[in-house]
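Asker: Would you mind keeping the following structure in view while I ask a few things?
The values are calculated or read from the model by the stated rules, or taken from the named source; none is laboratory data. All values derive from a computational prediction rather than experimental measurement. All Cβ positions, even for glycine, are placed from backbone atoms using ideal geometry, and neighbour counts span all protein chains on display. The accessibility values were calculated without ligands, DNA or RNA, using every heavy atom of the protein model including side chains. Shrake-Rupley method; radii C 1.70, N 1.55, O 1.52, S 1.80 Å.
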Amino acid sequence: MITPAFELTQDPDFLTIIIKVPYARASEFDVYFEGEDFKFYAKPYFLRLTLPGRIVEDGREKASYDTEKGTFTIRLPKEVPGKYFEGLDMLTSLLAPKKSRSAKPLVEEIAASAELSEEEEEFDWEIEQTPYKESAESTLPLQYRYGFGNLRSGVFQRLQDELSDVIDVKDPDQTPVDERRRKRLAAEVAKFEPDHYLADFFEDEAIQHVLKYKPWWVDAHKKMTALQGESRQENETCTFVVFSEEEREQLRKFTNKSYLLDKRSRHHVYLGLIDILLAYCYEICVNEGEKNVESSWNIRKLSATLCWLESFTSIHDVLVSFGRRVLCYPLHRHFGLVTRAFNDTVKILQLGKAAVLKCLLDIHKIFMENDPAYILNDLFITDYCIWIQKTKSKKLAALSESLQKTTLAKSHIGFELEELEAAAVLVQEEENMLKAAGTVSKQQLPSSESETSDSEESSSTSSSETEGSDSDERESSTSEDGKINSLQGTLQEERTAPLIDCNGLRQGTNTLTFEVSDEKSKVSLQSTSVPGKLIEELEKQMHTAIRLSEQPEGLATASCILQKQEENRVSEPDRFSKDTTGKGNFLEVSSETNPFLLVCSTNEDEE
């Protein structure tokens, strides 16, 4: 027999069942319904459902067949009009036979029924938890357990080749839970890279972009929140989560199971569900809903339940583990992504088990398309997909409320994130100050260069002016040389012995010689018995020939001589004197050192 594709909807008074039976003989079909049982047969299709509410046969029932689509549509009246049937999307649980809903195994322990009855009680999520410790009697002969509800063992002994590509813990069958946790924490500490974290902290343009993405559950949660003020019946009839045909096909392929879980195991299952949903929300956010080759790696790597076969004891431990792994392994390592995944998980749980099941089906599909990750479907995801369909909605509501009350701060992660950020901010401020100072110096540099160029232009202008004045002076100096040379002949009639060197002047009793070297003219003065007027005339000619110049090249010597002569003339007004006999010293020598050499010209030098 073939189980056909089917779909259930409802309104306040009727339950509608749509069954797809292509190529069936519409003239030969049977329908049976009573209470919670529904059966349909049209060769070669057979469908048996256990409904979540009671239906009744009162003449209002109706059935129709669409030959083009090959579908039967059957409308059945509810026994209690207005009653809401919960879990019509949980197709796997609807396919379960009624007798199997008790979940009693073939071999039953006496305490099993007592454990099963606890499923109907309120679960206290704030209860004080202690880490699970396996007794020595149970662990010595057997392997350590893992998987959904810690129901599996010995799986990885048969799959050693795929082990390293799926999980990080080595030899999980021989590794207790406490040792797995210690190794996981040590591996996370070794993997954390402060440079990568700070790079994403400061350069977060890509992260801020993906944080703006809104997955399907955001709009569904808004619709649910908007209808919270309306009546409960209107709220229940609204469908916030819609399954695709592919997802419905997945549900039909699952084999219905029942799970006997004690209180501790149920607690581990719920906490593991939060851990898996957190990893899934991160993957959807960073890839903006698109799947890629890294999708399966992201989900299993960020979930310690999948990667390290971890069994958590509190919601806070789940959040800390997820936060640490987000900051250690994926491409984008930002605390804002941890917060976003946390908020998304709360919304999914508040939407109910239909939203949770839709996420689990997507994870199942991702792992099924990845070669080594399919093992995690067998260990966790398939069982979660079947188990969540039978979970009470109030349990998920309590779980979401407890998760929403739990807080996670950067200080809880354990990587000294706040200290790293503070130090990095200080370094960034110093760099900004240095950059600002460099910008100011660069702005000042063009102005100083312009001032320098202006000074260079002015100096070049003055230099050209000075060169022009130098040429004028040289021309006037040349014209005066002739006059001075004519006076030399008159003064060279009588000569005496060599003079005494004093202050650059060589003096004799009757003869005095000046040699002024400006590289162009040389003046020699020789004293004889000459009248005083001739000496005064010579002095005037000397002052006219030698002028003061600001240019140091070529004229510095004449400038210094003129300055010295003016000082000596001012300080010694009686420098020139006459002897009563017409002979003797007519020029007194200064005691200060003169840097210019005055050469005495004698008769022997002239010869």
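Asker: Quote the relative contact order of the range 1-85 in percent (integer), defining contacts as alpha-carbon pairs under 8 Å separated by 6+ residues.
Answerer: 34 percent
Asker: Averaged per residue, what accessible area in Å² does the range 402-443 show with a 1.4 Å probe, protein chains only?
Answerer: Spelled out: the 1.4 Å probe surface of the range 402-443, per residue, equals 71 Å².
Asker: Students often get this wrong, so check it: of 214/253; 212/435; 223/347; 83/214; 39/62, which have C-alpha atoms separated by over 22 Å?
Answerer: Table pairs above 22 Å Cα-Cα are 214/253; 212/435; 83/214.
Asker: Of the accessible area of the range 256-348, with the probe set at 1.4 angstrom, what percent is carbon plus sulfur?
Answerer: Answer for the range 256-348: carbon and sulfur cover 51 percent of the accessible area.
Asker: Another question, if that's okay. Run the 1.4 Å probe and let me know the accessible area of residue 64, rounded to the nearest 10 Å².
Answerer: Surface accessible to solvent at residue 64 totals approximately 60 Å².
Asker: Probe radius 1.4 Å, ligands and nucleic acids ignored: give me the carbon and sulfur share of the accessible area of the range 352-425 as a rounded percent.
Answerer: Here carbon and sulfur together make up 51 percent of the probe-accessible area.
Asker: Where does each of 396, 351 land when they are ordered by accessible area, with a 1.4 Å probe and the largest first?
Answerer: The residues order as 351, 396, largest area first.
Asker: Related question: In what order, largest first, do 224, 368 sit by accessible area if the probe radius is 1.4 Å?
Answerer: 368, 224
Asker: Another one. May I ask you to order 167-178, 409-420, 277-288 by the average number of other C-beta atoms within 10 Å around their residues, highest value first?
Answerer: 277-288, 167-178, 409-420
Asker: Using a 1.4 angstrom probe, figure out how much accessible area the range 24-69 has per residue, in square angstrom, rounded to the nearest whole.
Answerer: For the range 24-69, the solvent-accessible area averages 66 Å² per residue.
Asker: Something else now. Got the relative contact order for the range 168-303 handy, in percent, Cα pairs under 8 Å and 6 or more residues apart?
Answerer: Across the range 168-303, relative contact order equals 27 percent.
Asker: Also, I was wondering about something else. Ordering 182, 340, 54 by accessible area with a probe of 1.4 Å, largest first, what comes out?
Answerer: Ranking 182, 340, 54 by accessible area, largest first, yields 182, 54, 340.
Asker: If I ignore ligands, DNA and RNA and count only protein heavy atoms, how much of residue 41 is accessible to a 1.4 Å probe, in Å² to the nearest 10?
Answerer: 70 Å²
Asker: Here's a follow-up. Rounded if a/c is under 1.5, else prolate if a/b is larger than b/c, else oblate: which is the range 165-227, with a ≥ b ≥ c the root eigenvalues of its Cα gyration tensor?
Answerer: oblate
Asker: Can you compute the charge dipole magnitude of the range 275-364 about its Cα centre, using +1 on each Lys and Arg Cβ and -1 on each Asp and Glu Cβ, nothing else charged? Give it in debye, rounded to the nearest 20.
Answerer: Computed charge dipole of the range 275-364: roughly 60 debye.
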